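Shown next, in structure tokens, is the structure this report addresses.
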Amino acid sequence: MDFLSKLLQGISFVPALVTGIEKLLGGRSGEDKKDAALSFVQAALSMSDAITNRQIVDEQKFKDGLGKVIDGTVECLNASMWAKG
């Protein structure tokens, strides 16, 4: 599977991941929850393979980008009916 397909596939499950982590780590800080989400997404994307194959040339920028995806997902969920439940 090419990298872009793998990335989009990994991002597609971020809302479900964020919801699950919120249920598991509800009492923890937002940063702890974000770190957990980043860990899961990175594992799902098999980042080590992508870094080795030079598909990711700047690991830190990639992690920062994933963090923004997670932050945006949380913002969307908090603005929706999900937050009311």
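Computed from the coordinates by the stated procedures, all read-outs in this text should not be read as laboratory data. Not measured: the values here are computed from a predicted model. Neighbour counts run over all protein chains shown; Cβ positions are idealised from the backbone, glycine included.
Remarks
- Using the Cβ-Cβ distance between Ser39 and Met81 with R0 set to 25 Å, the FRET efficiency from 1/(1 + (r/R0)^6) comes to roughly 0.35.
- Going through (i) 2.37; (ii) 1.39; (iii) 1.14, the figure that equals Cα Rg over 2.2 N^0.38 Å as computed for the structure here is (iii).
- Surrounding net charge for Asp71, when Lys and Arg each add one and Asp and Glu each subtract one, Cβ distance under 12 Å: 0
- 0 to 90° range, to nearest 10: angle between helix 3-12 axis and the chain longest Cα axis: 10 degrees
- Non-local lysine pairs in the chain, meaning eight or more places apart or on different chains, with alpha-carbon distances under 25 Å, amount to 19.
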